[in-house]
Amino acid sequence: MVSNPQRRSMAIPDYQSLMLPLLKHAARGETRVPDVANKLADEFGLTTEERDQLLPSGRQKVLNNRIHWAKFYMAKAGLIDQPRRGRFVASEQGREVLARNPSRINVETLLEYPAFRDFYRSTNSDIEEEQATHGPAASTASDTDRTPEEQIEAAHLALQSALREELLQRILQNSSTFFEQVIVELLVAMGYGGSLRNASAQLGRSGDGGVDGVINEDRLGLDRVYVQAKRYAPTSSVGRPDVQGFVGSLVGLGATKGVFVTTSSFSRQASEFVRHLAQRIILIDGQRLADLMIEHNVGVRVSRAIEFKRLDEDFFAEED
């Protein structure tokens, strides 16, 4: 089936919607996920952006991930065989299913097969036990349409978002001196200012509830970055006049690099203003500040680490 250039694009199909068309392709002979992905993308009229869309982790394309899980589930049910590394084909049982001309294949269909039913129930009982122990992760009504990896990443994003909001709330609850220390520790964790002691000596000298100072860009102090920060409530944004005043100070000092940090946000005018300057000015709003704190482990700690392992195909590859 060739896509029509005038056909309106649809969203990337969920993994259950991919099962039937994937099995049909597998019934035509051995194939690979990258090859069938291009064909399915054509059939569903996906745009270039949809074909290239990545999971939040950025490690795999969404379409390929969903095809992988559709293939994996059908293989557990015995509808697909995997004769050699990276290749799959419809089994005799899979061809029998297609001969009945089904309108759809989904998890409910696969549960009719004992091998898949045992696998699926065992997997879900493990999840239920995990949730009973640690509490359920954030989920939506469409979780059954998501692949396991998508559910994991969605839960991770939900937890990350909640942590981000909690970090900003706690910063606002603490003093301006504490906020100054947060900025110092974050910059040092990011590789600026040398030691924590050296950075502390240069930052945090103002008493207006913000941070105004200068910090070495490298450990040798070959270049300097000027920093200003405003501890504002989420409802108050930093406008262009504040940023323009900061830039004016840089010009007076002959400086070319500056970082403006706020716990709230920047107005559109402020963001547009810095795009056309000769100086290099970085604006860090509350969301990005919290993300950087999480990334560099400032104000947070690892609560629980979970490893996800994959089959090592090289281990099982025999030499001819």
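The values are calculated or read from the model by the stated rules, or taken from the named source; none is laboratory data. Not measured: the values here are computed from a predicted model. Note: ideal-geometry Cβ built from the backbone for every residue, glycine included; neighbour counts use all protein chains shown. Please note that ligands, DNA and RNA were not included when accessible areas were found on the heavy atoms of the full protein model with its side chains. Shrake-Rupley method; radii C 1.70, N 1.55, O 1.52, S 1.80 Å.
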### Message
Which of the numbered conditions does Gly245 fail, given that it passes all the others? Conditions: (1) open to solvent by 30 Å² or more (accessible area, probe 1.4 Å); (2) among the small types (Gly, Ala, Ser); (3) in contact with a Leu (Cβ under 7 Å, 6 or more places away or on another chain).
### Response
(3)
### Summary
When the stretch 251-280 is checked residue by residue, the ones that are buried (at least 20 other Cβ atoms within 10 Å of the Cβ) and either of a type in the set (D, E, K, R) or under 23 Å from Asn216 (Cβ atoms) (or both) are Gly258, Val259, Phe260, Val261, Thr262, Val274
### Task
Find all pairs meeting these conditions: Cβ atoms under 8 angstrom apart; at least six residues apart or on different chains; first residue within the stretch 268-279 and touching a residue at least 12 places away in the same chain (Cβ under 8 Å); second residue among the hydroxyl-bearing types (Ser, Thr, Tyr).
Ala270/Ser237; Ala278/Thr256; Gln279/Thr256
#### Entry: Subset of the stretch 84-102 (residues that are free of Cβ contacts under 8 Å to residues at least 24 places away in the same chain and crowded, with 18+ Cβ neighbours inside 10 Å)
Ser91
### Task
Take the stretch 252-288 and flag every residue that is of a type outside the set (Val, Ile, Thr), more than 18 Å from Val182 (Cα to Cα), in contact with a Leu (Cβ under 8 Å, 6 or more places away or on another chain) and part of a helix (DSSP H, G or I).
Ala270, Ser271
### Query
If you take the residues of the stretch 228-242 that are over 20 Å from Glu217 (Cβ atoms) and aliphatic (A, V, I, L, M), which of them is surrounded by the most Cβ atoms within 10 Å (Cβ to Cβ)?
Val238
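Rundown of residues vs (1) assigned to a loop (DSSP other than H, G, I, E, B); (2) free of Cβ contacts under 8 Å to residues at least 40 places away in the same chain; (3) buried (at least 20 other Cβ atoms within 10 Å of the Cβ), yes/no style:
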| residue | (1), (2), (3) |
| --- | --- |
| His68 | no, no, no |
| Met74 | no, no, yes |
| Gln82 | no, yes, no |
| Arg104 | yes, no, no |
| Ser122 | no, yes, no |
### Message
I'd like to check something: does the stretch 171-179 contain any residue that is part of a helix (DSSP H, G or I) and either among the charged types (D, E, K, R) or modelled with pLDDT under 85 (or both)?
### Response
yes
